[in-house]
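*Asks:* Take a look at this one; I'll ask things after.
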């Protein structure tokens, strides 16, 4: 996460029930043991706002941070689990190949999400197709899971004519209206108030749209974090904020980023729930996100989810993490790889096997290599596209500039 200091239906709301009975019911529906279905996420419910200067304010905040309650359990359906696993393994394959291309000088920049796949894909898979995503750097592949083609997704990194955004944006910043995903702008936290604005528009229209707004832990130190959460809390807009706490905002650790016990507890100040979950546990993320999305869709306002995970690689292809963190820390988190964790659960449930996994990995590698070849071969964007997509009808002064630009290029080509 950047440095800053200072198509599955979402589950419907469940009626209140005794925890054991509910876990048993979910377990029966998903063919999983009741104990395994028990929610793993810590719920951090925001208390009613205390009056100013009351002695009870600090204890309430402490209770919120520790959150003895647990999030309601939501089973991960078999078909959703398999689709999620494929999506996680697919982007891991893409990341490995694209980082290799960057080292070979074939692309200029790349930001991988290795180790964080469950923290955002398990949330995004709980959305309806009509919902929107406002990503940060590491959530872009949610658009692949929602149906966006792989070749134009990769072409965005090359910045050529096969890129739907016509090569105008920085690498690893894809977007497409076809899957309701907005481009990240690189400035830390700016997507958060934008997401709140989109959610407010949905509320004003009276439709059922929910917006997911992603951020890294570093974004919680940006002013836009406060602006977005305060506005969302006051107007109860249908937005779910998801903080991927990967422990490092480039080279700034969590300890250097905040004195709060958790990032989730920050929601209490804005009057809505905060929930901390194991971001490497796909079931826990899915359960918490499903509940938060359903809550937003019911008109009950925002939620802040903190998904604790770990950035296994560099911040980006431009970073050297060995300069600021211990390899022993990386090795410890490697044992909690979210893809391996979901793989084990699928095998234990009889849904997957070593043989199926090898076949899938071979299939995905072939698919990614073929898509890279197609994307890399794309031509440069046509010069006239520089003037497209800003105005519905090009104004006179830009028409003059376009004509002058194209005439100059034609003269250069003729002279060559």
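Each reported figure results from applying straightforward, stated rules to the coordinates on display, with no laboratory input. Bear in mind the structure is a predicted one, so any value in this text is a computation, not a measurement. So basically every Cβ, Gly included, is an ideal-geometry build from the backbone, and we count neighbours across all protein chains shown.
*Asks:* Taking the Cα-to-Cβ direction at residue 322 and at residue 370 and moving 7 Å from each Cα, how far apart do the two end points lie in nm?
*Replies:* 3.7
*Asks:* If you don't mind, there's one more thing I want to ask. Across segment 124-192, how large is the tail of the calculated P(r) beyond 13 Å, expressed as a percent of all Cα pairs?
*Replies:* Roughly 60 percent, rounded to a whole number.
*Asks:* Taking a spot 7 Å from the Cα of residue 356 along the direction of its beta carbon, which residues of segment 77-106 have an amide N less than 14 Å from it?
*Replies:* 77-87
*Asks:* Kindly identify segment 160-210 as rounded, prolate or oblate by the Cα gyration tensor criterion: order the square roots of the eigenvalues as a ≥ b ≥ c, call it rounded if a/c is under 1.5, otherwise compare a/b with b/c, prolate if a/b is larger, else oblate.
*Replies:* Because a/c hits 1.5 or more and a/b fails to exceed b/c, segment 160-210 counts as oblate.
*Asks:* Once you have a ≥ b ≥ c as the square roots of the Cα gyration tensor eigenvalues for segment 357-416, tell me rounded if a/c is under 1.5, and otherwise prolate or oblate according to whether a/b is larger than b/c.
*Replies:* oblate
*Asks:* Please compute the modelled spin-label separation between residue 402 and residue 86, points set 7 Å along Cα→Cβ, answer in nm with one decimal.
*Replies:* 4.1
*Asks:* Which FRET efficiency, nearest 0.05, do residue 389 and residue 223 yield, Cβ-Cβ r, R0 30 Å?
*Replies:* 0.55
*Asks:* Let me ask something additional. Taking R0 as 35 Å, what FRET efficiency do you get between residue 363 and residue 187 from their Cβ-Cβ distance, rounded to the nearest 0.05?
*Replies:* The computed FRET efficiency comes out at 0.40.
*Asks:* Any idea what Rg and Dmax come out to for segment 194-348 if you just take the C-alpha atoms, in Å?
*Replies:* Over segment 194-348's Cα set, Rg and Dmax evaluate to 16.7, 51 Å.
*Asks:* Any idea how far the Cα center of segment 78-149 sits from the one of segment 172-189, in Å?
*Replies:* Distance between centres, Cα-based: 13 Å.
*Asks:* If you average the alpha carbon positions of segment 370-405 and of segment 299-318, how far apart do those two centres end up, in angstrom?
*Replies:* Taking the Cα centre of each part, segment 370-405 and segment 299-318 sit 34 Å apart.
*Asks:* Given axes a ≥ b ≥ c from the Cα gyration tensor, I'd like to know whether segment 275-385 is rounded (a/c under 1.5), prolate (a/b larger than b/c) or oblate.
*Replies:* Since a/c stays below 1.5, the shape of segment 275-385 is classed as rounded.
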